[in-house]
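A short write-up of the structure that comes next.
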Amino acid sequence: MQVDGSCHCGKVKYEAEVNPAHVVVCHCTDCQALSGTAFRVVVATTPGTFRLTRGEPKTYVKIGASGKPREQTFCGECGSPIYSAPPGQQPKVVSLRVGTLTQRAKLIPSHQFWFRSSLPWLPQLASVDKFSTQPVFDANGGFVPD
């Protein structure tokens with residue numbers, strides 16, 4: 001499947017080929033911290049198909065649980081995470097951050113990794129109150145449901 005995406009501000013854009021069967025949720029604590037949320041959803045690209053079409057992301061290299069370095073890229077302007085990959089320029093598999101893809105609604109996760117690190121409240125999300133938009137917050141941080 002051909003995909004394209006961009007950071008929130010549009011300064012970094014890309015395109016790639018992915019297999020929709022390779023969409024995963026990662027619950028590792030690194031993904032929680034780097035995404036600023038409970039988990040990260042990624043899809044692997046076909047090797048060598050990732051191509052930047054605008055801008056150049058910034059790169060942070062972290063050492064994974066495997067002991068190997070891993071590039072974490074993001075927009076230097078808005079901070080949107082773009083992808084992770086092994087260091088270097090060789091044709092490689094790039095793990096795209098699904099939230100930055102135009103086709104994100106079509107990319108349904110098929111696996112969950114590092115589930116032992118998943119937050120215990122995730123199973124309860126189906127029963128949490130839902131609002132169609134963000135409610136108006138008052139000065140004390142409270143809100144009135146829509």
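Values quoted throughout were computed directly from the atomic coordinates according to the rules given, and no laboratory measurement underlies them. Everything numeric here is computed off the predicted structure, so don't read it as measured data. Every residue, glycine among them, receives a Cβ derived from its backbone with ideal geometry; neighbour counts consider all protein chains shown.
Near G10: Cβ cut-off under 10 Å, other residues only, Lys/Arg at +1 and Asp/Glu at -1. The net charge is +2. If the cut-off is 17 Å between C-alpha atoms, which aspartates and glutamates fall inside it for K58, apart from same-chain ones fewer than 8 positions away? The qualifying aspartates and glutamates are E71, E77. What pairs in K13/K62; K92/K130; K11/K106; K13/K130 have C-alpha atoms more than 30 Å from each other? Checking Cα-Cα distances, K92/K130; K13/K130 exceed 30 Å. Among 77-83, 101-107, 27-33, 134-140, the peptide with the highest mean count of other Cβ atoms within 10 Å heads the list, and the full ranking is 77-83, 27-33, 101-107, 134-140. Near R97, once Lys and Arg are set to +1 and Asp and Glu to -1 for all other residues with Cβ below 12 Å from its Cβ, the sum equals +2. By the helix-only formula, in which each DSSP H run with n ≥ 4 contributes -39500 (n - 2.57) and the sum is divided by residues, the chain has a 222 nm mean residue ellipticity of -1000 deg cm²/dmol. Putting +1 on Lys and Arg Cβ atoms and -1 on Asp and Glu Cβ atoms, find which of S132, V24, S118 reaches farthest to the positive end of the dipole of the chain. Projecting each Cα onto the dipole axis, the largest value belongs to V24.
Running a GNM on the chain with Cα contacts under 10 Å, which residue among G55, G36, G67 ends up with the highest mean-square fluctuation? Evaluated over the chain, the most mobile residue of the options is G67.
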